[in-house]
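The values are calculated or read from the model by the stated rules, or taken from the named source; none is laboratory data. Since this is a predicted model, take the numbers as computed values, not measurements. Positions of Cβ are backbone-derived with ideal geometry, glycine not excepted, and every protein chain shown enters the neighbour counts. Just so you know, the surface numbers come from the protein's heavy atoms only, side chains and all, with ligands and any DNA or RNA stripped out. Shrake-Rupley method; radii C 1.70, N 1.55, O 1.52, S 1.80 Å.
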Amino acid sequence: MSKVLIIEDDLSIGEMMSIYLYEEGYQVMRAENGRQGETLFRDFNPDVIVLDIMLPDVDGIQLCTYFRTASTIPILMVSAKSEVSDRIKGLQTGADDYLCKPFSMRELAARVQALLRRSTAFAHVAAAAEPSTNQVVYLDLEKRCLFVHNKLIETTFSEFEIMKLLWQNQGRVYSREELLNRVRGFDSYVTERAIDVHIANLRKKLETDPKEPKYIKTVWGVGYKFLLN
């Protein structure tokens with residue numbers, strides 16, 4: 001049984017999420033503030049975190065950063081803030097998905113299930129033998145895995161889709177709009193600015209110096225391209 005930690009200070013919303021996910025077969029614990037969330041994170045050892053960005057004692061963005069530095073478990077950020085800048089900030093601090101209030105419990109469950117499925121698939125591949133290849137960057141398209149120097153690198157769904165397109169078409173320049181169309185439907189609130197965030201995150205995972213990228217190049221005024229040589 002997968003374990004879900006909900007950090008939500010609104011009593012009615014928190015209870016509603018807890019009951020619905022419990023009835024969906026999850027083991028659920030809920031914290032009403034950030035400090036309690038930190039304690040449950042250590043003691044409950046959840047498989048996924050549903051984190052409200054607006055908490056009474058701790059900023060949800062800061063808490064997300066703390067969780068991400070301590071663990072790679074999926075984080076679903078929820079908030080009444082629907083501005084693009086807020087969603088971008090959530091992605092930049094390590095959230096795997098962002099759900100704007102109000103939302104249906106059915107959508108919440110679907111998002112949690114998708115995050116857990118991806119996390120489980122990654123864990124299974126990580127336990128298997130890593131491929132031996134001379135390529136610095138290699139994608140296993142069947143298993144949806146990214147390897148850098150034969151080391152398995154975890155990616156979000158959208159990051160992998162972008163990397164797949166660039167890797168399969170080395171040297172071709174893709175505009176933000178083209179990359180946007182690639183991931184549209186997977187990111188509910190994807191924007192051209194979000195594409196820049198995904199690229200920045202991929203560079204952190206691929207590049208020795210993300211500020212001077214060797215592989216994912218910016219073509220100023222146009223978009224991005226990928227080069228191995």
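Surface composition of the chain: carbon plus sulfur atoms contribute 49% of the solvent-accessible area (1.4 Å probe, protein chains only, all chains present).
Between Glu192 and Ala110, full extension at 0.36 nm per residue minus the direct alpha carbon distance yields a gain of 27.1 nm. Karplus-based coupling profile of region 37-45, in residue order and whole Hz: x, 4, 5, 5, 4, 6, 8, 7, 6, with θ = phi - 60° in 6.51 cos²θ - 1.76 cosθ + 1.60 and x standing for Gly or Pro. In the full protein context, the chain carries 51 Å² of accessible surface per residue, based on a 1.4 Å probe and ignoring ligands, DNA and RNA. Computed from the Cβ-Cβ distance with R0 of 41 Å, the FRET efficiency linking Asp59 to Asp140 stands at 0.65. Only Cα pairs under 8 Å and 6+ residues apart enter the sum, and on that basis the relative contact order of the chain stands at 13 percent. Dipole magnitude for the chain: computed about the Cα centre from +1 point charges on Lys and Arg Cβ and -1 point charges on Asp and Glu Cβ, it is near 940 debye. Let me have the 222 nm mean residue ellipticity of the chain computed from DSSP H runs of 4+ only, each contributing -39500 (n - 2.57), with the sum over all residues rounded to the nearest 500. Rounded to the nearest 500, it is -14000 deg cm²/dmol. Peptides 6-12, 40-46, 137-143 ordered by packing proxy, namely the average of other Cβ atoms within 10 Å per residue, highest first: 6-12, 40-46, 137-143. Considering only Gly14, Ala70, Ile49, and ranking their Cα positions along the charge dipole of region 1-103 that arises from unit charges at the beta-carbon of Lys, Arg, Asp and Glu, the one farthest toward the positive end is Ala70.
Which listed residue (Gly94, Val183, Gly34) has the Cα farthest towards the positive end of the charge dipole for the chain, taking +1 on Lys and Arg C-beta and -1 on Asp and Glu C-beta about the Cα centre? The Cα lying farthest towards the positive end belongs to Val183.
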